[in-house]
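The values are calculated or read from the model by the stated rules, or taken from the named source; none is laboratory data. Being a predicted model, the structure only gives us computed values, none of them experimental. Methodologically, a virtual Cβ is constructed for each residue, glycine included, from the backbone with ideal geometry; neighbour enumeration extends over all protein chains shown.
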Amino acid sequence: MKRPFLLASCVLLGLASSGCGSGGPAPDPGFQTEDAESVDLDNLRIRVSGQAQVLPEAARLFTALGQPVPSLGGMPILVEEPLRVAVNDVNATFGTGVLQEDGAFAVTEVPVREVHQGLAVGLSGPGFVRTVTVVYDSVFTGARPRTDVIESSAWALPESFHDALGTAMGEPLLRGHTEDRAHTLRDAGFALGRVVDENGQPRAGVRVVPDRSELTERIYYPTADLNGVNQVGTSADGLFLYVHTAGDAETFRLGVEGEEAYVARNVAVAPGWGLVLTLYPGLHPPASR
């Protein structure tokens, strides 16, 4: 896919003035920059590093079942842009790597000249659903990254936990939201997120709201025991779930109801994978716990 085609997709998705531009020379909040090295602005290549882990709720599920938490060592990773992934852009991937045994990763020489909405770390492998975890969102500045992205977190989603989320939702809801096109969250496309406070602790009893009211009915909050979902607010885990249509790519923004400290974040979804993101107050993510 050539860049003009992506720009056409941006126009069709209503993004021409809200995230598909190249941005100005502003510095980039939204990620940890301490100890990060500045990049050559003429070259615009950065290093994306951090830690990948199995989603904590999934790890607890394995432990409760008396099963070992699966290792992520050796899993391939992609540094990619969610928007480009959603529209099936063949140039969506900016860099590749492999997870170390402890889940650490570092991908160098990531070109950011063509970044429009942000950067994410893509994870997939046997026994896991493909996830794309946002590690940089241009919504904070309207600009591309200008420094290395360091100390980022990426989350792996085991198929067993994906299936448990689907069971909590119930097939009738999934089929209803997709006009019978999908019976699983993966086939529908989804976003799985967490709301945290300034210390990185999950928040209970909050609601997330899209910038398009017709999408509100697609947002659910799994109960902590995964026995069901509701549309009232987050449980103690702070999790929320957006269910896509199993159709064409969708883009929008998600914020926290009634709380301006939480910057509304870019979301891009499409069938076959899940976007993972964390909503936090302010411009910088809390320090890793």
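For this structure, a couple of remarks:
- Those residues of segment 189-213 which are touching a residue at least 12 places away in the same chain (Cβ under 8 Å) and outside any loop (DSSP other than H, G, I, E, B), in sequence order: 190, 191, 192, 193, 194, 195, 196, 202, 208, 209, 210
- Criterion: out of contact with any Asp or Glu (no Cβ under 7 Å at 6 or more places or on another chain) and farther than 18 Å from residue 159 by Cα - qualifying residue of 92, 120, 86: 86
- Pairs with Cβ under 6 Å, 6+ apart, first in segment 160-182 and under 18 Å from residue 247 (Cβ atoms) and assigned by TED's automatic domain parsing to the domain that holds residue 245, second part of a loop (DSSP other than H, G, I, E, B) and among the β-branched types (Val, Ile, Thr): 178/245
- Restricted to strands (runs of 3 or more DSSP E) entirely inside segment 231-286, those with at least 1 residues that are under 18 Å from residue 58 (Cβ atoms) are 239-243, 274-279.
- Residue, nearest to residue 128 (Cα to Cα), within segment 49-89, restricted to residues that are part of a strand (DSSP E or B) and among the polar types (S, T, N, Q): 53
- Check on residue 125, small (Gly, Ala, Ser), surrounded by fewer than 20 Cβ atoms within 10 Å (Cβ to Cβ) and assigned by TED's automatic domain parsing to the domain that holds residue 69: yes
- Test result for residue 156, in contact with a Leu (Cβ under 9 Å, 6 or more places away or on another chain), crowded, with 21+ Cβ neighbours inside 10 Å and of a type outside the set (D, E, K, R): yes
- Taking the listed residues 65, 61, the one that is touching a Ser or Thr at 6+ places or on another chain (Cβ under 8 Å), of a type in the set (A, V, I, L, M) and outside the structural domain of residue 266 (by TED's automatic domain parsing) is 61, with no other qualifying.
- Residue 225 falls short on exactly one of the conditions (1) free of Cβ contacts under 8 Å to residues at least 24 places away in the same chain; (2) under 16 Å from residue 239 (Cβ atoms); (3) under 19 Å from the mean Cα position of the chain (by Cα), and that condition is (3).
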